Amino acid sequence: MADKDLQGEGNYDAARRYRKEQEEFARSGKVEQKAKEAEEALDGPEGAELEKARQETGKGHTH
């Protein structure tokens, strides 16, 4: 088995890609914009559905 196939407790390649993308996003300057969009979505017509999904996800009740 090659190192790239080693996944053990998780997928190391996916974790590296995720961290890299998160760091790039943080540096992009779009964080405030996306936070505002999220706030507007929560205050908008889909707010109740988003809150329900957040609560279910937090309790481990995902579909």
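Each value in this text was obtained by applying a stated rule to the coordinates, not by laboratory testing. Predicted model, so just to flag it, every value in this text is computed and none were measured. Neighbour counts run over all protein chains shown; Cβ positions are idealised from the backbone, glycine included.
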Item to complete: Work through the residues other than LYS59 whose Cβ is under 14 Å from its Cβ and net out their charges, Lys, Arg +1 and Asp, Glu -1.
Response: 0
Worksheet item: Tell me, what HN-Hα J-couplings in whole Hz come from the Karplus equation 6.51 cos²θ - 1.76 cosθ + 1.60 at θ = phi - 60° for each residue of segment 21-37, using x for Gly and Pro?
Response: 5, 5, 5, 5, 5, 4, 7, 5, x, 9, 4, 4, 4, 5, 5, 5, 4
